[in-house]
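Undergrad: One structure, as structure tokens, below. Some questions next.
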Amino acid sequence: MHPAYSVILFTAASGAGYGLASWLALAALLGLLPAQAWAGPIGFAVALALIGVGFLSSTFHLGHPERAWRAVTQWRTSWLSREGVMAFLSLAVIASAGLVWLLDGQLAWWLAALVWLVSGVTVAVTAMIYASLKTIQRWHNRWVVPGYLVLALATGGGLALLITEVAGQGSALALPVAVVAVIACLVKLGYWRFIDETVAASTVATATGLGRPGEPVRLFEAPHTEENYLMREMGYRVARKHVARLRQVAAVGLAALPVPACLGAMLLDGVIGLGLAALTVGAMTIGVLAERWLFFAEARHTVTLYYGADRV
């Protein structure tokens, strides 16, 4: 699939925003709220900004973004519509939590739990938009939803660590963030291994119904003379060496750099701890952008079987 920058920004930014809101809610539930009154509201404001930027960028890929609101009415059958409903609901809940924290200086356990719930559900619903597509085997599998959830927690955790470091309480979240970063990297490694080793479910023979069982069928002549929309959007190709390099970048950015940086922030205070937290955020940003690009670029739609692909 064509890795549109707008969709990459959408999934990365909104995921980090929901992850940040989840970490702040968890800190409230565990009694780890930063002593500074401004830290919580500022954190929720950053989360809302990331979520807003993410959802706004998602409209750039639409042919008629002014009609996007109509999709919300199809929530009974469409995961995209359900995502829209959850987006509005989660924004309202997170904004309310930030306002309550600003006015009262604390967060009730039930409101913190609600923030955690709506954030997780929204990210899961977003993942289901892709995981529900049977025509794309590399998305229609058990790894996609967990991958979205742990990546959101990892990137949001880096931001939460930075905010709490500025507030003077970063060490409380450093170890949990490092653990989540390791889990996120392991999930992505599992996903990459799955898509590399899984035998293609669809071939030219299964798509056309031609040939005998087990007999290969090849395209005799292409149904086009030049590249068309389907080939641009669903037939994107990326070289294996580029895939390998970007996977390394993603793994280093998601875990190899953030984990020691988090552990260092746990042991070191002051400017050094703050710098390590900032390094964690920077590395995770690069890592998740590389991972998101690969998530779309490596996906293969079954329609490409009619345009020269042997199997998907």
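Undergrad: If we count every other residue with Cβ under 12 angstrom of Leu151's Cβ, Lys/Arg +1 and Asp/Glu -1, where does the sum land?
TA: So the surrounding residues net to +1.
Undergrad: Which value results for Rg/Rh of the stretch 87-165 when Rg is the Cα radius of gyration and Rh the Kirkwood radius based on the inverse mean 1/r?
TA: 1.08
Undergrad: Also, I was wondering about something else. Taking 8 Å as the Cα distance limit and 6 or more residues as the minimum spacing, I'd like the relative contact order of the chain as a percentage.
TA: Relative CO of the chain lands at 24 percent.
Undergrad: Separate question: Run the simple label-point estimate for Ala200 and Val271 please: 7 Å along Cα→C-beta, distance reported in nm.
TA: 5.7
Undergrad: OK, next. In whole angstrom, and with the biggest value first, how far do the Cα coordinates of the stretch 1-60 range along each principal axis?
TA: Over the stretch 1-60, Cα extents along the principal axes are 45, 18, 10 Å.
Undergrad: If you don't mind, another one. Counting only complete DSSP H runs, which helices of the chain cover 30 Å or more along their long axis at the Cα atoms and score a mean Kyte-Doolittle of 0.0 or above?
TA: 5-29, 79-104, 109-131, 144-166, 171-197, 270-297
Undergrad: Let me ask another. Could you work out the per residue convex hull volume over the alpha carbons of the stretch 183-276, in cubic angstrom?
TA: Taking only Cα atoms, the stretch 183-276 has a hull volume of 152 Å³ per residue.
Undergrad: Given a Förster distance of 35 Å, report the FRET efficiency between Gln248 and Leu175 from their Cβ-Cβ distance, rounded to the nearest 0.05.
TA: With a Förster radius of 35 Å, E is 0.85.
Undergrad: Taking N as the number of residues in the stretch 171-225, what value does Rg over Cα atoms divided by 2.2 N^0.38 Å take?
TA: Rounded to two decimals, the normalised Rg is 2.13.
Undergrad: Modelling each spin label as a point 7 Å along the Cα-to-Cβ direction, I'd like the Leu89/Ile286 distance in nm, to one decimal.
TA: If labels sit at Leu89 and Ile286, their model points lie 3.9 nm apart.
Undergrad: Would you calculate, for the chain, the mean residue ellipticity at 222 nm contributed by helices, counting each DSSP H stretch of 4 or more residues as -39,500 (n - 2.57) and dividing by all residues, to the nearest 500?
TA: -22500 deg cm²/dmol
Undergrad: Could I ask something else about it? Defining a contact as two alpha carbons under 8 Å apart and six or more residues distant in sequence, what relative contact order in percent does the stretch 2-135 show?
TA: Reported relative contact order: 33 percent.
Undergrad: May I ask you to give the average projected area over all directions of the convex hull of the Cα atoms of the stretch 109-218, in nm² rounded to one decimal?
TA: For the Cα atoms of the stretch 109-218, the hull's average projected area reads 9.3 nm².
Undergrad: Going from the alpha-carbon gyration tensor of the chain, what semi-axes, largest first and in whole Å, does one get by taking the root of 5 times each eigenvalue?
TA: Computed over the chain, the values are 39, 22, 15 Å.
Undergrad: With all pairs of different alpha carbon atoms counted, what Kirkwood hydrodynamic radius in Å does the stretch 244-312 show?
TA: Evaluated over the stretch 244-312, this radius sits at 13.8 Å.
Undergrad: I've got another one for you. Where does the stretch 12-157 land on the Kirkwood hydrodynamic radius, alpha-carbon pairs, in angstrom?
TA: 15.7
Undergrad: Percent of alpha carbon pairs in the stretch 130-183 separated by more than 18 Å?
TA: Of all Cα-Cα distances in the stretch 130-183, 45 percent exceed 18 Å.
Undergrad: DSSP loop (so not H, G, I, E, B), at most 10 other Cβ within 10 Å: list which chymotrypsin sites (Phe, Trp or Tyr not before Pro) in the stretch 210-312 pass both filters.
TA: Phe220
Values quoted throughout were computed directly from the atomic coordinates according to the rules given, and no laboratory measurement underlies them. Here the structure is a predicted model, which is why all the values come from computation and not from measurement. All Cβ positions, even for glycine, are placed from backbone atoms using ideal geometry, and neighbour counts span all protein chains on display.
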